[in-house]
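Step one of this worksheet: look at the structure below.
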């Protein structure tokens, strides 16, 4: 199997599998009576990060921690620079939700926490457990906040993104099929990315930060552009910010618990700082009642292009 075919097949399976898991899990949750906004903050946010999770865990277990870490950091940078940039160029993104305004500082804190934990060049099992524990606390706080203050516009966007409710057995089968596609797609993508690094003489970290990161971020790109087209600015921001938080706390946390990253974090000092800087930049841009204008989106997009040129 050629490298290009393995990469394309892996990306197609990851994107398709991620979309199927989001819809199936979201419908299951809604049919169980869980509030739409809680579904958006938990089920949908987690499932849109499923491609990154599958790819990063597979890479770490296969002895390629640089691909795993690069995939997460590169995805976070791409989410903020590439995806928000493209969505904001398509249509200015108006933000109303107070909940999302609170999520941006959490994203900044998670990025800063990763920088501190990875400062010694490693992510141990203890670090991974601390990240997963932080994720659990974050979810509890956010869900409680949502139960106190409902936001109908965001709830409607979540229901629209998940689709109509099907019989539970059909939704369950969707989840099973999607997970199977994610596992197979992750295996193909990691194999292709590893072979690409060997053939082109590129560090695995660069392949993870670029090819894998953009590929596994395609579900967020598709969801964000669709939400921007409908004028659902809060859903656009929720996709990006929620995914970035899950990428760090859940994906790297899970990866470190399953396969501690020994020494590999030292290669990503620059990229951890970039991820933190981009997260911090979004705070003044996207506070409550703010709009991400096209010129600001262009700045994000140009910044992502400059970063990619820098590392390649």
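The values are calculated or read from the model by the stated rules, or taken from the named source; none is laboratory data. For clarity, every value in this text was computed on a predicted model and none was experimentally measured. All Cβ positions, glycine included, derive from the backbone under ideal geometry; neighbour counts span all protein chains shown.
Here is a yes/no grid of residues against (1) under 21 Å from the mean Cα position of the chain (by Cα); (2) more than 25 Å from residue 227 (Cα to Cα); (3) in a helix (DSSP H, G or I); (4) at pLDDT below 60:
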position	(1), (2), (3), (4)
131	yes, yes, yes, no
139	yes, no, yes, no
146	no, no, yes, no
154	yes, no, yes, yes
175	yes, no, yes, no
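Only residues that are in contact with a helix residue (DSSP H, G or I) (Cβ under 7 Å, 6 or more places away or on another chain) and either surrounded by fewer than 22 Cβ atoms within 10 Å (Cβ to Cβ) or not in a helix (DSSP H, G or I) (or both): list them for region 251-270, please.
Answer for region 251-270, where residues must be in contact with a helix residue (DSSP H, G or I) (Cβ under 7 Å, 6 or more places away or on another chain) and either surrounded by fewer than 22 Cβ atoms within 10 Å (Cβ to Cβ) or not in a helix (DSSP H, G or I) (or both): 254, 257, 258, 259, 260, 261, 267.
Conditions first: (1) surrounded by 24 or more Cβ atoms within 10 Å (Cβ to Cβ); (2) at pLDDT 85 or above. Residue 92 passes all but one, so which condition is the exception?
Of everything listed in (1) surrounded by 24 or more Cβ atoms within 10 Å (Cβ to Cβ); (2) at pLDDT 85 or above, residue 92 misses just condition (1).
Just to be sure, is residue 281 in a helix (DSSP H, G or I) and modelled with pLDDT of 90 or more?
no
Search region 284-312 for residues being over 21 Å from the mean Cα position of the chain (by Cα) and assigned to a loop (DSSP other than H, G, I, E, B), and hand back the single one that is farthest from residue 228 (Cα to Cα).
Looking at residues that are over 21 Å from the mean Cα position of the chain (by Cα) and assigned to a loop (DSSP other than H, G, I, E, B), I get 312.
Of everything in region 198-225 that's without any contact (Cβ under 8 Å) to a residue 12 or more places away in the chain and part of a helix (DSSP H, G or I), which residue is surrounded by the fewest Cβ atoms within 10 Å (Cβ to Cβ)?
Looking at the filtered set, the residue picked out is 200.
Which of the residues belonging to region 226-250 are farther than 16 Å from residue 106 by Cα and either within 11 Å of the chain's Cα centre (by Cα) or not in a helix (DSSP H, G or I) (or both)?
230, 231, 232
Answer with yes or no whether residue 68 is in contact with a strand residue (DSSP E or B) (Cβ under 9 Å, 6 or more places away or on another chain), assigned to a helix (DSSP H, G or I), crowded, with 24+ Cβ neighbours inside 10 Å and at pLDDT 75 or above.
Here the answer is yes, as residue 68 does meet what is asked.
Give 263, 303 a once-over and let me know the one that is on the phi > 0 side of the Ramachandran plot, out of contact with any strand residue (DSSP E or B) (no Cβ under 8 Å at 6 or more places or on another chain) and touching a residue at least 24 places away in the same chain (Cβ under 8 Å).
Matching residue, one of 263, 303: 263.
Only one of 128, 81, 113 is surrounded by 22 or more Cβ atoms within 10 Å (Cβ to Cβ), in contact (Cβ under 8 Å) with a residue 12 or more places away in the chain and closer than 20 Å to residue 280 by Cα. Can you tell me which?
Among 128, 81, 113, only 81 is surrounded by 22 or more Cβ atoms within 10 Å (Cβ to Cβ), in contact (Cβ under 8 Å) with a residue 12 or more places away in the chain and closer than 20 Å to residue 280 by Cα.
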